[in-house]
Amino acid sequence: MTDELLDELGGSGDFVDTVAFPLPANVISALVGVPQADRDWLRPLIADLSATLEPVSTPEEIDRAEAASRQARAYFSDLIETRRADPQDDLLTGLIQASDGEDRLSENEVISNVLLIYAAGFETTTQLLSNMVRALVAHPDQLQLLRNDHSLIPAAVEEVLRYDPPVQVDGRYTFADIEVGDITIPTGSTTLMLLAAANRDPFVCADPDRFDITRSDTQLLSFGSGIHYCLGAALARLEGQVVLERLLSRYQSWSVGEEVWRQRITIRGVERLAVEFQ
């Protein structure tokens, strides 16, 4: 898939629209079982849905998100009926058939889970891939290290995740009083975790504002932690590593032009990234 998309890019153009979006979107679509013909139709719906992840949204954004949710849920309800009649080797069929004794997921539970997995499967990874190209172009010494030693590719992806994570903010509810410094967060509170700030904690990471792909002790919260650790972390890392390896193998010169930023806080990144690879 990556090679085909890079062929389509032809060395220059909008990296987001040509590579960073379609790669993770097609991968998660294939895993979930969304037909190729429906993927472009679903894209703007998922983008509208992501507004609900933001700490602040306009009434218009909320209205669009609610409308997108109704359309997406109706779509997956129809797809569930199709898969019940004709099971396939995909995640949606697996969710339909999943059981614990006599206990099975309800249709509402299947729809909610598949929507979450599907949306999270490309919205975040799209930004990871774009942030990766931006960071390496902005730090040519690190890009040269990668050219000299491709074994640093996994570490480079980790450093991008730490330095400029796609998900900047995460939410938690407290089930007990928690002491943070001299502040008590009471039971039942809604909290916002600034993941990007935690990734640059100087008590955890030496010289945290420096982009350094040779770090060997990277600790990051970009995928959350504990029971809420990101289900797709390994897939996101793999997609980042594959794209980076193919870019390094194909092109000796990278440059970035126009950047158009998303008006988002939680999922941070660019809507458009003009690139030229030679």
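The values are calculated or read from the model by the stated rules, or taken from the named source; none is laboratory data. Remember, it's a predicted structure, so these values are computed and weren't measured experimentally. We place every Cβ from the backbone using ideal geometry, glycine too, and count neighbours over all the protein chains shown. The accessibility values were calculated without ligands, DNA or RNA, using every heavy atom of the protein model including side chains. Shrake-Rupley method; radii C 1.70, N 1.55, O 1.52, S 1.80 Å.
Consider all pairwise Cα distances in region 49-172 and report the whole-number % of them above 24 Å.
51
Would you work out which of Val204, Gly257, Leu221 lies farthest towards the positive end of the dipole of region 151-258? Charges go on Cβ: Lys and Arg +1, Asp and Glu -1.
Of the options given, the answer is Gly257.
Give the residue from Pro44, Val19, Ala85 lying farthest towards the positive end of the charge dipole for region 16-85; charges sit on Cβ (+1 for Lys and Arg, -1 for Asp and Glu) and the dipole is referred to the Cα centre.
Result: Ala85, furthest along the dipole toward the positive end.
Whole-Hz ³J(HN,Hα) for each residue in region 41-57, computed from phi via Karplus 6.51 cos²θ - 1.76 cosθ + 1.60 with θ = phi - 60°, x for glycine and proline: what do you get?
In residue order, the calculated couplings are 5, 6, 3, x, 5, 5, 4, 5, 4, 5, 4, 6, 7, 7, x, 9, 9 Hz.
Using θ = phi - 60° and the Karplus relation 6.51 cos²θ - 1.76 cosθ + 1.60, list the HN-Hα couplings for region 181-194 in order, rounded to whole Hz, with x at every Gly or Pro.
Rounded to whole hertz, the list is x, 9, 10, 9, 9, x, 3, x, 7, 8, 10, 10, 8, 8.
So if I place +1 on the C-beta of Lys and Arg and -1 on the C-beta of Asp and Glu, and nothing else carries charge, what would the dipole magnitude of region 182-237 be about its Cα centre? I want it in debye, nearest 20.
240
Report P(r) for region 108-156: all Cα-Cα distances, bin width 5 Å, range 0 to the bin holding the largest distance, values in whole percent.
Reading the bins upward from 0: 5, 18, 18, 15, 11, 9, 9, 7, 5, 2, 0.
Leaving out ligands and nucleic acids, and using a 1.4 Å probe, what accessible area per residue does region 109-228 come to in Å²?
Heavy-atom accessible area per residue stands at 50 Å².
Once you put a point 7 Å from the Cα of Asp7 and another 7 Å from the Cα of Ala234, both along the Cβ direction, what distance in nm separates them?
My value for the distance between the label points is 3.0 nm.
For the chain, what is the mean residue ellipticity at 222 nm derived from helices alone (per DSSP H run of n ≥ 4: -39500 (n - 2.57); sum divided by total residues; nearest 500 deg cm²/dmol)?
That comes out to -15500 deg cm²/dmol.
Roughly how many Å² is the accessible area per residue of region 1-97, as a whole number, for a 1.4 Å probe?
50
Report, largest value first, the span of the C-alpha coordinates of region 151-204 along each principal axis, in whole Å.
Sorted from largest, the Cα extents of region 151-204 read 46, 21, 14 Å.
For the chain, with only Lys/Arg (+1) and Asp/Glu (-1) charged at the beta-carbon, what is the dipole magnitude about the Cα centre, in debye rounded to 20?
With Lys and Arg at +1 and Asp and Glu at -1, about 240 debye.
Which percent of the accessible area of region 20-95 is formed by carbon and sulfur heavy atoms (probe 1.4 angstrom)?
54
Alpha carbon centre of region 185-211 versus region 1-52: separation in Å?
31
Taking amide H atoms as placed 1.01 Å from N in the peptide plane, list the residues 5 or more away in sequence, or in a different chain, whose amide H sits under 5 Å from that of Ser12.
The answer is Phe277.
Report the full-extension gain for the segment Ser69 to Ser249: residue separation times 0.36 nm, less the Cα-Cα distance, to one decimal in nm.
Difference between extended and current length: 60.7 nm.
Take each of the peptides 42-51, 193-202, 116-125, average the number of other beta-carbon atoms within 10 Å over its residues, and list them starting from the highest.
Taking the mean over residues of other Cβ atoms within 10 Å, the ranking is 116-125, 42-51, 193-202.
For region 86-240, taking Cα atoms only, what is the radius of gyration to one decimal and the Dmax to the nearest whole Å?
Answer for region 86-240, Rg first and Dmax second: 19.2, 58 Å.
If I take R0 = 35 Å and measure r between the Cβ atoms of Gln88 and Val260 in this structure, what FRET efficiency does the formula 1/(1 + (r/R0)^6) give, to the nearest 0.05?
So the FRET efficiency works out to roughly 0.40.
Rule-of-thumb check for region 158-260: C-alpha Rg over 2.2 N^0.38 Å?
Ratio of Rg to 2.2 N^0.38 Å for region 158-260: 1.34.
Taking θ as phi - 60°, what are the ³J(HN,Hα) couplings along region 110-126 by the Karplus curve (6.51, -1.76, 1.60), each to the nearest whole Hz, with x for Gly and Pro?
The phi angles translate into 4, 4, 4, 5, 5, 5, 4, 4, 5, 5, 5, x, 9, 4, 6, 5, 4 Hz.
What dipole magnitude, in Debye to the nearest 20, does region 116-235 give about its Cα centre under +1 on Lys/Arg Cβ and -1 on Asp/Glu Cβ?
340
Within 10 Å, count the other beta carbons around each residue, average over each peptide in 155-167, 180-192, 228-240, and list them highest first.
Ranked by mean Cβ neighbours within 10 Å, highest first: 155-167, 228-240, 180-192.
Count the net charge of all other residues whose Cβ sits under 14 Å from the Cβ of Leu95, scoring Lys and Arg as +1 and Asp and Glu as -1.
So the surrounding residues net to -4.
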